[in-house]
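Read the structure below first, then the notes.
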Amino acid sequence: MKSKYTLVRVRATRRFFFPAIVSAAFLMAFFAPKAEAQIITWNGTVNNLANGAWGTAGNWTGSNIPDTSAEIASLSKDWLGTTTNTPSFSLGANRTINALLFEDTGASSDRGGFINTGSTLTLAGSNPFIQTNNSIALNCGLAWGSTTWTKNGAATLILNATNAGSGIINMDAGIIDCGAAEALGTSTPTWTSGDTGRVRFSGGKTYANNFLINPGVSGFSGQGLLGHTGAGGVATITGTITFNGMPGAGGAILGSTTVGQELRIEGPNNGTAGALSHRDGRVIYVGGGAISGSANHTGVAIIGANNGYPQGLSPLLGASGNASFDLNGFNQAIAGLTFGFTAQAHRGTLSVGATTLTLNGNLTTSGTTPAHEINATAGGTLALGATARTFTINDSTALNDLTINNALITGAGLIKQGTGNLVMNGVSSAPALTLGAGSLTLAPAAANTLTVPALDIAAART
């Protein structure tokens, strides 16, 4: 097997002058090439392998048990036998290695493996990594101290133990599934240019790690960088997520689609990316944060505290899939609001309930067929603030392009632009209205009354 990570000898290009008194031994030590990590491959011949003993010399090529920071343990083989008896290994004692590789090299019936509980595997040495060409679960402990290591290989690394390490985890490729709250130690998983790796959180646990996403991350189509495994209940992140860039594909955040299996973000969302991307699924926003720009949502965004969503963001609901934004009993301010996307048929819905949505910017709707909605119940308020807000309602095949149901609308004014139809249904109070383009339908309000300070129809309208 060829690892993506190999040690490279570097030839010196700068000339050095050494006095004659410098010893030959010193020169040899100074210029000695750094030894490459040695790959030691599992050599066990037992099919249907169960509880393979790491500490048995005969199970490794050259009868060399990998147990130093200069050795790469390669659990790579055509794992034969029935799929019910997966390859499993027992460390037998605490082990130190430079890297771990796992792969079923056979042409068919690829299967995962696992390392049993009972001992700890420590990553050390130069540029350590774990490469999963097929999935493996580490039920044993994993430690790395302050050393940075890299997750690569397209398959999943499942971390089920309480692990210890503060060094950065580089999310090069594949998936890390967190089966324990301390699966990532105290590390800050980090994404850099070209990375496609993902971290998924199992429910019923709280994760205190911070996460850093840098510019140029490739992402993975249809997936988020941070997601929910879809099992175990609500998964909670209390650390800070810093978005200094957005992935090129797949979105940044991916929730579970099942009620009760939400991804709950209690820490702040910060960063300089100028955007946010919530791919799919149900995500609860609690910690607010200092990030601004357009936020693309194709799932269900649920507010979990007053201003639990970053106030500098402008949600875009329904860009590449139906999306909803639910205040869930809390007040929330946002920088702006967009429903739908040009040439797309996806629908956006915003649920105010009986609380207040403060819109500190303008509103735009797009799309070919959707009928977008803002829905409120008694007492629910759409607050437009001290500046008149422009609602640009673009036309679609729907009769009503945006309907505002039952909200109390407050503020300095609402300017209707765009060729589409804006409907105010059950709205009992609204600020001064200006119809600059398209149509405005004032449907019956509660008690058949609608208080509007002024209605101005632009001169070009008929």
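See the values below:
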quantity	calculated
G251 part of a loop (DSSP other than H, G, I, E, B) and surrounded by fewer than 23 Cβ atoms within 10 Å (Cβ to Cβ)	no
Matching residues in segment 247-265 - criterion: being more than 10 Å from the chain's Cα centre (by Cα) and farther than 17 Å from I176 by Cα	G248, A249, T257, T258, V259, G260, Q261, E262, R264, I265
Residue ID - surrounded by the most Cβ atoms within 10 Å (Cβ to Cβ), chosen from residues in segment 326-335 that are at negative phi and not aromatic (F, W, Y)	Q332
One residue from G287, G299 being touching a strand residue (DSSP E or B) at 6+ places or on another chain (Cβ under 9 Å), modelled with pLDDT of 95 or more and more than 16 Å from G361 (Cα to Cα)	G287
Entirely in segment 89-185, the strands (runs of 3 or more DSSP E) that have 3 or more residues that are modelled with pLDDT of 95 or more	95-97, 99-104, 120-123, 129-132, 136-138, 141-145, 149-152, 156-159, 169-171, 175-178
Test: residue in segment 268-281 that is surrounded by fewer than 21 Cβ atoms within 10 Å (Cβ to Cβ) and either β-branched (V, I, T) or in contact with an Asp or Glu (Cβ under 8 Å, 6 or more places away or on another chain) (or both)	yes
Criterion (of a type in the set (A, V, I, L, M) and part of a loop (DSSP other than H, G, I, E, B)) met by exactly one of A301, A319, A333, A295	A319
Subset of segment 304-316 (residues that are part of a loop (DSSP other than H, G, I, E, B) and either out of contact with any strand residue (DSSP E or B) (no Cβ under 9 Å at 6 or more places or on another chain) or on the phi < 0 side of the Ramachandran plot (or both))	G304, A305, N306, G308, Y309, P310, Q311, G312
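The values are calculated or read from the model by the stated rules, or taken from the named source; none is laboratory data. Since this is a predicted model, take the numbers as computed values, not measurements. For neighbour counting, all protein chains shown are included, and Cβ atoms are generated from backbone atoms with ideal geometry for every residue, glycine included.
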